[in-house]
Each structure stands twice: as C-alpha cells, then as structure tokens.
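The values are calculated or read from the model by the stated rules, or taken from the named source; none is laboratory data. None of these values were measured; they are calculated from a predicted model. So basically every Cβ, Gly included, is an ideal-geometry build from the backbone, and we count neighbours across all protein chains shown.
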C-alpha cells in the first residue's frame with residue numbers, strides 16, 4: 001500500500017520528471033530571493049505565489065482519490081506544472097518590478113501589477129496546454145471564442161479596469177487629492193483609494209463614496225490640489241451704496257490678514273462684482289491650502305470681515321420687503337449720559353489716565369466709541385504706527401513680542417479694566433508688541449488728538465503723566481525681560497522730553 005501511494009505521488013507530482021523538479025526548485029528559490037530583497041512593507045505581494053506553491057500538492061491528492069479515473073495522473077501532472085509555472089512567473093515579476101525597479105524609480109501602481117500577474121498566469125496556462133499536446137489552432141480559436149464571451153459578459157468590468165489603467169497612466173489625481181467627481185459642486189471628496197474597478201473618496205460629511213472608474217473616465221474631474229497645493233475660495237459680501245468701494249475693499253483686505261487658512265501669497269483680493277437692490281456686491285477671493293477645512297476657512301474669513309466693517313461703521317444692508325407693522329411699546333434705551341458715565345469710570349480706573357480730572361475723563365469718554373474684535377484677531381501689531389491707546393471693556397487679550405530671530409514670546413494676558421498702547425499714545429513710538437483678542441473683545445480707543453486738547457489747557461499734566469508712564473514702562477520691561485525687543489523708547493532716560501516733543505510742547 002505504501003509503495004502504491006509513493007508511486008502515485010511520484011506519478012502525479014512528477015518527481016521522476018527532471019523538468020518539474022527544476023521548476024519547483026526555481027519557483028521556491030525565486031520566491032525566497034524576493035522575500036529577502038523586497039522593500040520594506042512590500043513582502044505581502046508574494047501571497048499569490050505562496051498560494052500557488054501551497055496548492056501544488058493538491059492535484060496529487062485528487063488523483064489518489066480517483067485512482068481508476070482515466071487520465072487522472074496526466075491531468076494531475078499538468079495541473080501541478082501549471083501551478084509551479086504560474087508561481088515562478090509571478091515571483092520573477094515581483095523580483096524584477098518590486099525588488100529591482102522600485103529601488104531606483106517610482107513604485108508601479110497596484111492595478112498595473114495585478115494586470116501583469118493575471119497576464120502571466122494566462123501565459124502559464126497556455127504553455128502547459130501546449131506541452132500537453134493542444135494544437136495552436138485549437139488554442140487560439142478557443143481563446144478567441146472565450147475572449148468574446150467574457151468580453152461581452154464583463155464589458156462594464158473591463159471598462160472600469162481600462163479606465164483605472166488610464167487614470168494611473170495620466171495621473172489626473174492621486175491619493176489625498178481633493179476632487180469634484182461630477183458636475184454637481186457638492187460632490188467633492190478626498191481620494192483615499194484607487195483600485196482596478198473603482199475610486200473611493202471621503203466627503204466633508206465623512207460619507208464614503210465609491211465611483212466606478214468608467215464613470216470617472218467620462219466625467220470632467222476638477223482637482224483642487226493640483227497643480228499647486230492651494231486653491232481659491234470665493235466669498236460674496238454686500239455693502240451699502242453710501243460707502244465708497246475702495247474704502248470697503250481696503251477694510252476687507254486688512255481684515256483677512258492672518259485669518260485662519262488664508263495665504264499671504266497668493267494674496268487675497270477684493271473686486272466690485274455687481275450692483276443690486278441691497279447695495280454693492282463685492283467678490284472676495286482668497287487662497288488656502290486647508291481645502292479639507294474650507295468651511296472653517298470661509299466662516300472665519302466672514303467673521304473677520306463682519307467685525308472689521310462694524311468697527312468702521314459700515315452696516316451690512318438687508319433685503320427690504322413690504323410688511324405690516326404692529327405698534328409695540330417703545331423699549332427703554334440706555335441714556336447717552338449713562339453710557340458716558342460708565343466709560344468715564346473705566347477710564348478713571350485705567351492706571352495712567354487716573355491722573356486726569358473727572359471733566360477731562362468725561363470729555364475723553366464722550367469723544368470716543370467702543371470697538372469690537374473677533375476671537376484671535378489682532379488689535380494692534382508689533383512695529384505698526386499709531387497714535388492711540390485701548391481700554392478693555394469686555395473680553396480678554398494676549399500680549400506677545402516677536403524677537404529678531406522670529407520667536408514669538410507671550411508676555412501677559414489683560415482683561416476688563418486693563419489697558420494697552422499707552423506708549424504710542426504719549427510718544428508716537430511704534431507698537432512694541434502684538435495684542436490679540438482671545439475671545440470676542442470690546443475696547444475703547446483713545447486718540448492723541450483728544451489728549452492734545454487737554455494738555456494745551458493743562459500743560460502741568462505732562463509731569464504727572466511722564467512719572468506714571470515711567471513706572472509702568474519699568475514694570476513692562478521687567479515682565480518681558482529676555483526678549484530681544486523688550487527695549488522700547490521707555491528705556492530712554494528722559495521720557496518727559498519725548499512726550500513734550502510728540503505733543504509739540506517744547
């Protein structure tokens with residue numbers, strides 16, 4: 001019985017056939033060489049060759065189960081040879097393309113590799129059939145009929161395969177690109193996979209969309225991350241006719257500086273787009289490389305524009321409709337005198353301004369209005385010129401300085417009742433630090449012209465102001481010690497002279 005099994009295995013597997021033995025040795029050695037030389041993370045490609053080798057003994061087992069079947073040994077032998085030859089050819093392909101080519105060039109797309117492996121499997125099948133005695137005419141006639149049948153049955157699948165090959169060859173998009181995959185502007189997603197049948201994208205709604213390659217081949221694809229990593233966003237804002245267009249455009253451009261995701265280069269731009277019943281429509285065009293967070297980019301840019309226009313007294317017009325009104329009892333408004341009294345109290349508590357008389361503080365409070373800034377929006381920038389100081393009436397701000405090496409150093413946080421910018425107000429020196437709103441913040445801006453009027457009426461206030469300023473500047477220099485730009489005009493020995501020169505009192 002053992003002799004029968006041994007003879008059966010030898011007959012079915014071809015161990016007595018030197019050619020089959022050589023093919024087995026070559027297939028195993030080629031597979032081992034690939035596994036040793038394959039780049040990191042690419043050994044998994046050999047699983048097809050491994051499966052074919054594992055299946056190699058299977059025909060012998062089947063032949064042993066049917067010993068009386070006519071031609072069982074020959075069929076098992078040819079099937080085993082096909083498995084060996086297919087495994088050998090696939091291992092050779094991996095060795096040449098993956099272990100060889102990928103070390104000097106760009107990795108071959110998986111779809112091309114799969115097509116080549118399928119083609120080599122077909123070559124192995126035809127070769128074994130030829131060796132088994134099938135005529136060339138029978139092979140090609142049969143293959144032509146089989147090809148026609150398969151082509152008709154799988155025309156959609158084959159179309160997707162060829163479209164996938166075209167996508168990999170032309171590179172209209174790649175993994176991680178953001179594309180619009182049809183004419184619907186809402187159909188935009190990030191490419192996460194391109195296989196032989198379909199392309200998979202994830203939208204901003206985290207929806208997983210699978211698009212057949214044949215459909216993509218016929219669509220107009222819009223790639224938002226090629227040829228450059230940035231893309232342009234468009235916002236439309238309507239402002240009233242009463243405000244000159246160039247002023248509105250300047251306010252919007254200044255508001256976009258430093259907004260989340262808005263690039264300085266290419267620079268944003270604003271143009272007058274249309275005149276309608278509400279007012280003048282402006283086309284705001286900005287560039288961003290945060291396309292995956294484009295909703296946040298657009299939203300924060302709109303926030304910046306809204307707050308900037310509001311600070312400059314530009315109210316966004318609303319659509320007008322004919323409506324019927326019902327008279328309601330008038331709501332009590334806060335009297336102007338009450339508002340001025342509250343501002344006067346805040347000015348009096350603002351350190352250096354506390355040396356002024358109540359009448360002078362009241363005059364400052366009545367001559368200035370509060371301004372509102374969005375969260376993370378800079379109120380003053382280091383190095384900018386100016387002639388005013390600010391008192392915080394709501395919110396919280398952060399003070400930072402930038403060194404010559406470009407390092408940003410946080411100095412302090414200020415909250416309601418605190419003030420900043422007093423050095424520029426009293427001396428005209430450039431801003432020594434950047435002050436940004438941490439939350440939505442309201443400030444009362446006090447200009448130098450109002451101060452100039454008060455000092456002309458009461459010049460002796462200069463001495464008191466310089467003494468108070470000297471004390472505060474010493475505190476500031478101590479707080480930001482170590483920063484390269486901590487030294488300001490306050491380190492000059494004669495601050496009184498600087499104030500007199502700035503206000504023309506010398």
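So residue 451 clears everything in (1) surrounded by 20 or more Cβ atoms within 10 Å (Cβ to Cβ); (2) modelled with pLDDT of 70 or more; (3) over 19 Å from residue 378 (Cα atoms); (4) touching a strand residue (DSSP E or B) at 6+ places or on another chain (Cβ under 8 Å) except one condition, right? Which one?
For residue 451, the failing item is (4).
Would you check if there is a residue in the stretch 196-212 being touching a residue at least 60 places away in the same chain (Cβ under 8 Å), farther than 29 Å from residue 375 by Cβ and surrounded by 13 or more Cβ atoms within 10 Å (Cβ to Cβ)?
Checked the stretch 196-212: at least one residue is touching a residue at least 60 places away in the same chain (Cβ under 8 Å), farther than 29 Å from residue 375 by Cβ and surrounded by 13 or more Cβ atoms within 10 Å (Cβ to Cβ).
Does residue 204 satisfy being touching a strand residue (DSSP E or B) at 6+ places or on another chain (Cβ under 8 Å), more than 25 Å from residue 271 (Cβ to Cβ) and part of a loop (DSSP other than H, G, I, E, B)? Step through it out loud before you land on a result.
Numbers: touching a strand residue (DSSP E or B) at 6+ places or on another chain (Cβ under 8 Å): yes; more than 25 Å from residue 271 (Cβ to Cβ): yes; part of a loop (DSSP other than H, G, I, E, B): yes.
Here the answer is yes, as residue 204 does meet what is asked.
Let me confirm something: among 297, 248, 284, which residue is assigned to a strand (DSSP E or B) and touching a strand residue (DSSP E or B) at 6+ places or on another chain (Cβ under 6 Å)?
Testing whether each residue is assigned to a strand (DSSP E or B) and touching a strand residue (DSSP E or B) at 6+ places or on another chain (Cβ under 6 Å) leaves just 284.
Suppose the filter is within 21 Å of residue 437 (Cα to Cα) and in contact with a strand residue (DSSP E or B) (Cβ under 7 Å, 6 or more places away or on another chain); does residue 262 pass it?
Spelling it out, residue 262 is indeed within 21 Å of residue 437 (Cα to Cα) and in contact with a strand residue (DSSP E or B) (Cβ under 7 Å, 6 or more places away or on another chain).
Kindly evaluate residue 100 against the criterion of being modelled with pLDDT under 80 and not in a helix (DSSP H, G or I).
Considered against the rule, which asks whether it is modelled with pLDDT under 80 and not in a helix (DSSP H, G or I), residue 100 comes out as no.
Okay, residues lined up against (1) under 15 Å from the mean Cα position of the chain (by Cα); (2) crowded, with 17+ Cβ neighbours inside 10 Å; (3) closer than 27 Å to residue 374 by Cβ:
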position	(1), (2), (3)
227	no, no, no
245	no, no, yes
249	no, yes, yes
257	no, no, yes
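Looking at (1) at pLDDT 90 or above; (2) surrounded by fewer than 17 Cβ atoms within 10 Å (Cβ to Cβ), which one does residue 261 not meet, given that it meets all the others?
All conditions pass for residue 261, except number (2).
If the requirement is being in contact with a helix residue (DSSP H, G or I) (Cβ under 7 Å, 6 or more places away or on another chain) and farther than 30 Å from residue 205 by Cα, which of these qualifies: 254, 277?
Within the list 254, 277, the selection yields 254.
For residues that are out of contact with any helix residue (DSSP H, G or I) (no Cβ under 6 Å at 6 or more places or on another chain), assigned to a loop (DSSP other than H, G, I, E, B) and modelled with pLDDT of 70 or more, scanning just the stretch 36-90, find the one that is nearest to residue 26 (Cα to Cα).
Going through the qualifying residues, I end up with 57.
Restrict the check to the stretch 479-489 and report whether at least one residue is surrounded by fewer than 20 Cβ atoms within 10 Å (Cβ to Cβ), modelled with pLDDT under 70 and assigned to a helix (DSSP H, G or I).
Scanning the stretch 479-489, I find at least one residue that is surrounded by fewer than 20 Cβ atoms within 10 Å (Cβ to Cβ), modelled with pLDDT under 70 and assigned to a helix (DSSP H, G or I), so the answer is yes.
Would it be correct to say that residue 313 is exposed (fewer than 12 other Cβ atoms within 10 Å of the Cβ), under 25 Å from residue 443 (Cα atoms) and modelled with pLDDT of 90 or more? Talk me through it step by step, then tell me what you get.
On the way: exposed (fewer than 12 other Cβ atoms within 10 Å of the Cβ): yes; under 25 Å from residue 443 (Cα atoms): yes; modelled with pLDDT of 90 or more: yes.
Yes; evaluated as a whole, the condition is true for this residue.
So if I check each of 405, 345, 374, 350, which one is modelled with pLDDT under 85 and crowded, with 17+ Cβ neighbours inside 10 Å? Let's see the steps before the verdict.
On the way: 405 fails: crowded, with 17+ Cβ neighbours inside 10 Å; 345 fails: crowded, with 17+ Cβ neighbours inside 10 Å; 374 fails: modelled with pLDDT under 85.
Every option except 350 fails the conditions.
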